[in-house]
Amino acid sequence: MQTHTRKKLEIIVDSPLVPRVTALIDRIGATGYTLFQSIGGRGAEGDWREDQLTGAQQKILIKVIAGEETANRLLENLSGELERYSCIIYVSTVEVIRAGKF
């Protein structure tokens, strides 16, 4: 079975920023993304758990798999647009089977 190298971006943002980030992903030309809701965790400011009435502090994990050029464009734009917001981005190299999907 042949595999193809792609980049996986894992972006953790506060829930209110999700529409802004997903719109950017669409504009950059990535073929898709997946959203994951979080229930809690620990960060630089200590433990947190999503129990707020508004959900404004809930963290959402956005996973994107894209070619290197698309991933780099996305990273450049995310660093500029979200510089002043709480945002964590992980980048890794992955192997995919259906290259045309990414």
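Points to keep in mind about this one:
- Residue tally, condition surrounded by fewer than 11 Cβ atoms within 10 Å (Cβ to Cβ) and more than 17 Å from Val13 (Cα to Cα), over the stretch 70-94: 2
Residue-by-condition table, conditions (1) part of a loop (DSSP other than H, G, I, E, B); (2) of a type in the set (D, E, K, R); (3) touching a helix residue (DSSP H, G or I) at 6+ places or on another chain (Cβ under 9 Å):
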| site | (1), (2), (3) |
| --- | --- |
| Lys8 | no, yes, yes |
| Ile25 | no, no, yes |
| Asp47 | no, yes, no |
| Gln57 | yes, no, yes |
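FYI, it's all coordinate maths here, none of it is from the lab. Bear in mind that the values here come from a model prediction, so they are computed numbers and not experimental data. Neighbour counts are summed over all protein chains in view; Cβ atoms, including those assigned to glycine, are modelled from backbone coordinates with ideal geometry.
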